[in-house]
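S.K.: Encoded as structure tokens, here's the structure I'll be asking about.
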């Protein structure tokens, strides 16, 4: 803090922030009383960078020490909606199919736009106190960074504004806003202060920008290229989604950039267990590595199974577990430019795949469910997860996995309905005939009566006609990538079929 006060660049950044508070009428200076619960404040400094790692500007942010707030006095409701990554990928794939470009805008100090319902008092900013009234405090009129209710109040202000302009909120995704006029439509996806939008009519985008800039302080960033750490290249014949910069930074952070690369993220003979006789490693380092890899799975489904396998041993990691996690880094060395390719196609068809590897976990003999969903040939959703219960047969394990895939199919189907695309009988592909029969007809009751009721969710939707479960040969089962280690040839085949490609092979 003292170093920042001695640097004119940071002082200017802090003063700019306070001037912004004044323009937005965020607070008012009032005398301090004994009954006030005064929340402290602090400055946070960081350099804002672009997708190439170049410093764009110095950014100073004043935070309220929200951990000192008291429920019922300083705050009440705090829950705020955030867009799911599947929703963002779905919008990218849909925009590509409809041949319109997505643009991006950023709200300056978004939390300062949310009106507070409670009386909240904060101390004056450190280093920039009012010399005439050094013992006064600020009474907040609008939310401040760090307050528990700040994200909720900002979303409420933004949603109310968009609804007043004729936008409708999504039925299942409340961070999606749609406005339709005849055959024209504009889609707006909100992730806190980052907003991406696109339309088949450019005039609707222009109207949206004018409306937003008239209500809030906005930074219009043009065509979408970088969002939530994802690098987006909108090309003429498709869209490429990657995290190349993050991948390079990750390898550098863990000093693995010069290691020898491997062909697959997990060895074919890998059977990880608790390894109680092994050597322990630093759990903080291991968890940091796993957390970093989990974020990379936002655009890298090819490492999903390996990362989720390593996640299971975070409580007591051993050297063997760290070795398996670092193997994923070795795989990334040769695939840093790999990402998701969404081709420009007009066939808006949703399809799902589900698979399971029976009793693969050697610790508790639980099976692993793997699911993935494609819009046309664009992979928009995937999952690899150990099942919550022990399955008594391969059929039961496959049936449970199909149920998980069915739930995701319903969510994606309803999301597409908000876009204006109505789909009937979404196909769900499974490679187990017995599991397929079980979803259609409750036969063999004596062998299936123990299955929990929630897993029969899929039967209801098949009867309603929402889902159509179909057989697929094992060699064509795309979800196989998410349930077990695969040999190099099969791994590469499935990776390519899922649209996980190297950027140089596209251009």
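What follows is calculated from the coordinates using simple rules that are stated; it is not laboratory data. What you see is a predicted model; the values in this text were computed from it and never measured. Don't worry about glycine lacking a Cβ; one is built from the backbone with ideal geometry, like all the others, and counts go over all protein chains shown.
S.K.: Where a ≥ b ≥ c are the square roots of the eigenvalues of the C-alpha gyration tensor, would you call the range 1-129 rounded, which needs a/c under 1.5, or, failing that, prolate if a/b is larger than b/c, or oblate? Walk me through the numbers on the way to the answer.
M.R.: Values: a/c = 2.67, a/b = 1.43, b/c = 1.86.
Since a/c reaches 1.5 but b/c is at least a/b, the shape of the range 1-129 is classed as oblate.
S.K.: Now for a different question. How would you rank 84, 454, going from fewest to most other Cβ atoms within 10 Å of each one's own Cβ?
M.R.: Taking fewest neighbouring Cβ atoms as first place, the list is 454, 84.
S.K.: Now, a different point. Alpha carbon centre of the range 174-196 versus the range 214-288: separation in Å?
M.R.: 28 Å
S.K.: Counting other beta carbons within 10 Å of each residue's own, what order do 255, 490 fall into, fewest first?
M.R.: 255, 490
S.K.: Using the alpha-carbon atoms, what tilt in degrees (0 to 90, nearest 10) does helix 244-253 show relative to the longest principal axis of the chain?
M.R.: Roughly 80 degrees, rounded to the nearest 10.
S.K.: With the contact rule set at Cα under 8 Å and sequence spacing of 6 or more, what percent relative contact order holds for the chain?
M.R.: Once divided by the residue count of the chain, the mean separation gives 13 percent.
S.K.: Rounded if a/c is under 1.5, else prolate if a/b beats b/c, else oblate: with a ≥ b ≥ c from the C-alpha gyration tensor eigenvalues square-rooted, which is the range 410-490? If you can, show how the numbers build up before the last one.
M.R.: On the way: a/c = 2.06, a/b = 1.04, b/c = 1.99.
Oblate.
S.K.: Sort the range 349-507 into rounded, prolate or oblate with this rule: let a ≥ b ≥ c be the square roots of the eigenvalues of the Cα gyration tensor; rounded if a/c is under 1.5, and if a/c is not under 1.5, prolate when a/b is larger than b/c, oblate otherwise.
M.R.: Values: a/c = 2.12, a/b = 1.19, b/c = 1.78.
Because a/c hits 1.5 or more and a/b fails to exceed b/c, the range 349-507 counts as oblate.
S.K.: Would you work out the relative contact order for the range 110-161, in percent, from Cα pairs under 8 angstrom that are 6 or more residues apart?
M.R.: 51 percent
S.K.: Let me ask something else. Can you give the relative contact order of the range 2-228 as a percent, counting alpha carbon pairs under 8 Å and 6+ residues apart?
M.R.: 24 percent
S.K.: For the chain, which semi-axes, largest first and in whole Å, follow from the square roots of 5 times the eigenvalues of its Cα gyration tensor?
M.R.: Gyration-tensor ellipsoid for the chain: 43, 29, 24 Å.
S.K.: OK, next. Round to a whole angstrom and tell me the spacing of the C-alpha centers of the range 69-120 and the range 388-409.
M.R.: Using only Cα atoms, the two centres lie 33 Å from each other.
S.K.: Related question: Calculate the all-directions average of the projected area of the range 328-395's alpha-carbon convex hull, and give it in nm².
M.R.: If I average the Cα hull's projected area over directions, I get 6.8 nm².
S.K.: Quick one: helix 319-333 against the long Cα principal axis of the chain, what's the angle to the nearest 10°, folded into 0 to 90?
M.R.: 80 degrees
S.K.: Treating the angle as unsigned and between 0 and 90°, give the value, to the nearest 10°, between the Cα long axis of helix 202-215 and the longest Cα principal axis of the chain.
M.R.: Orientation of helix 202-215: about 40 degrees from the principal axis.
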